[in-house]
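The values are calculated or read from the model by the stated rules, or taken from the named source; none is laboratory data. Bear in mind that the values here come from a model prediction, so they are computed numbers and not experimental data. All Cβ positions, glycine included, derive from the backbone under ideal geometry; neighbour counts span all protein chains shown.
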Amino acid sequence: MERLGVGILGAGFVAKFHLRAFANIRGIDVVAIYSRTLERARDAAAYAEQLGLGRPKAVDDVWDVLRDPRINAVWILTPNDTHAVYAKYVAEEARQGKGNLIGVAIEKPLARNVMEAREMLNAIEKSGLLHGYLENQVFMPSVTKGKEVLWGIGAKYSGRPYLARAAEEHAGPHNAWFWRPSISGGGVLLDMMCHSLEAARHFLYDPRKGKDSLRPRYIYGETATLKWLRKEYIEDLKKRFGIDFSKEPAEDYALAIVTYEDDEGNVSITETRTSWSFVGAGLRLSFEVLGPEYSLYVNTLQPELFTFISRNVRIPPSEEFVEKQNAEQGLMPIIPDEAIAYGYHAEDKHMVESFLKGKMPVENWYDGYLVVQLMMHAYLSAEKGVKIRFDPTQVESYVPSYARRRIE
Ligand SMILES: NC(=O)c1ccc[n+]([C@@H]2O[C@H](COP(=O)([O-])OP(=O)(O)OC[C@H]3O[C@@H](n4cnc5c(N)ncnc54)[C@H](OP(=O)(O)O)[C@@H]3O)[C@@H](O)[C@H]2O)c1
């Protein structure tokens, strides 16, 4: 195959990042964009056109994407509660072999719990489709280069890395559904620790031996709601999103420590922290990796570009400088191209190239599945208040307490 016809499900926040990434990838035709509301799909199609991606068809019926014979791959970019449903539709359509589908890529988290993730894996395996898991952080240029240096120099001359820290923090999500754990499946642990867990694991496995050479043994998790149950912030969420967080609270802070063992019995640890209660310039992604004679760190709020804007001007709120920006004044970091810095471009390029070559992407639903298992262990550990052994049978039908509970 020389060109990949792509259909996109979801025309929201993350779809824009993917469109920006697609604009710099060869061999791709964005054929159709679906949103629940036609207006939103049309806006995204117009944005695609503005980026030089032609004029994709805008639709509000998901089947108008899945049954279009020009479409070879589907990107699922819709809210968490729809992942299992849309994944099963795509898999069933491919299984019946009516269209020309060869692959599907899905945003993080793969699913809200292990039950959903298992069903999705079963369906995709039966369909024979190639599957990509869209974990952009393992494709960040700084992470890719960092891993090369860690293993190509650090590990080669002094031994494997043993500790990886990863954190993702901002002041809270941009849409109402994220704040409702009965819909999203959980709070910040589910929303953002999926990234940090996978990025930290990525740093620690030996690239010559592959991911399976590193096995999780124990997990300790901690969750709390530190900010958003305070009275003034409950009101703020009511005003902005029309939701009552006091009736359906979720964690806005989470920590997990995972102990891994490699194939030689070496122990390594990942420390991951995520929060929706961080007020700084904007989204902060940070990583730190330690080895016997080396270390490495990344902090996206320390880019090469800063601006200073004086107190004498009033600038309307925007996200011109960084995602989830909290201010427009003073000394501000700017990320020149977030679709590149956060890894969307490299991940989409990898997915497109893999599908065109008929190869399984390196980051795929098996990774997404393990990440869901790790997250469920972290929730369970936090709920029990103890460190637990990694044993997938104990989370097979587990649902985090935040997603189970609604206070009437
Ligand atoms: N990789 C990352 O860093 C990253 C960043 C953000 C989000 N994500 C993930 O990407 C996915 C989408 O997030 P987003 O931020 O793009 O969401 P969003 O801004 O709320 O957009 C959601 C899109 O899905 C459509 N949709 C389809 N079925 C829906 C349903 N049943 N309920 C609500 N919306 C529905 C919406 O349609 P209408 O608007 O027309 O109703 C909209 O086009 C999530 O799984 C999220 O976790 C990943």
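Could you please let me know if Val149 is surrounded by fewer than 24 Cβ atoms within 10 Å (Cβ to Cβ), touching a residue at least 60 places away in the same chain (Cβ under 8 Å) and touching a His at 6+ places or on another chain (Cβ under 6 Å)? No: the conditions fail for Val149.
Take Leu150 and decide whether it is away from the ligand (no atom under 15 Å from the Cβ), in a helix (DSSP H, G or I) and touching a strand residue (DSSP E or B) at 6+ places or on another chain (Cβ under 7 Å). Spelling it out, Leu150 is indeed away from the ligand (no atom under 15 Å from the Cβ), in a helix (DSSP H, G or I) and touching a strand residue (DSSP E or B) at 6+ places or on another chain (Cβ under 7 Å). Within region 315-336, residues that are more than 16 Å from Ala171 (Cα to Cα) and not assigned by TED's automatic domain parsing to the domain that holds Ser277 have Cβ atoms under 7 Å from residues that are among the acidic types (Asp, Glu) and in a loop (DSSP other than H, G, I, E, B) in no pair, counting only partners at least 6 apart in sequence or on another chain.
Within region 171-226, the set of residues being closer than 16 Å to Ala256 by Cα and of a type in the set (Val, Ile, Thr) comprises Val188, Ile219, Thr223, Thr225. The set of residues in region 155-182 being away from the ligand (no atom under 13 Å from the Cβ), within 30 Å of Thr225 (Cα to Cα) and touching a Leu at 6+ places or on another chain (Cβ under 7 Å) consists of Leu163, Ala164. Within region 48-60, being under 24 Å from the mean Cα position of the chain (by Cα) and surrounded by fewer than 18 Cβ atoms within 10 Å (Cβ to Cβ) holds for one residue alone: Leu51. Scanning region 389-408 for residues that are crowded, with 18+ Cβ neighbours inside 10 Å and not in a loop (DSSP other than H, G, I, E, B) yields Val395, Tyr402, Ala403. Taken together, the residues in region 6-30 that are buried (at least 20 other Cβ atoms within 10 Å of the Cβ) and either more than 16 Å from the ligand (Cβ to nearest atom) or over 17 Å from Glu347 (Cα atoms) (or both) amount to 4.
Got at least one residue in region 70-81 being within 8 Å of the ligand (Cβ to nearest atom), more than 22 Å from the chain's Cα centre (by Cα) and surrounded by fewer than 18 Cβ atoms within 10 Å (Cβ to Cβ)? No, because not a single residue in region 70-81 is within 8 Å of the ligand (Cβ to nearest atom), more than 22 Å from the chain's Cα centre (by Cα) and surrounded by fewer than 18 Cβ atoms within 10 Å (Cβ to Cβ).
Yes/no per residue for (1) within 19 Å of Asn266 (Cβ to Cβ); (2) part of a helix (DSSP H, G or I); (3) assigned by TED's automatic domain parsing to the domain that holds Glu271:
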| residue | (1), (2), (3) |
| --- | --- |
| Ala164 | yes, no, yes |
| Asp191 | no, yes, yes |
| Ser196 | no, yes, yes |
| His202 | yes, yes, yes |
| Ile219 | yes, no, yes |
| Glu222 | no, no, yes |
| Lys227 | no, no, yes |
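Residues in region 351-363 that are surrounded by fewer than 19 Cβ atoms within 10 Å (Cβ to Cβ) and either in contact with a helix residue (DSSP H, G or I) (Cβ under 9 Å, 6 or more places away or on another chain) or assigned to a helix (DSSP H, G or I) (or both): Glu353, Lys357, Lys359, Met360, Val362. The one condition from (1) in contact with a helix residue (DSSP H, G or I) (Cβ under 7 Å, 6 or more places away or on another chain); (2) more than 11 Å from the ligand (Cβ to nearest atom) that Ala46 does not meet is (1). Scanning region 69-103 for residues that are charged (D, E, K, R) and in contact with a strand residue (DSSP E or B) (Cβ under 6 Å, 6 or more places away or on another chain) yields a total of 1. Taking first residues from region 4-17 that are closer than 20 Å to Lys357 by Cα and partners that are among the charged types (D, E, K, R) and more than 6 Å from the ligand (Cβ to nearest atom), the Cβ contacts under 6 Å between residues at least 6 apart in sequence or on separate chains come to Gly5/Asp29; Gly5/Arg70.
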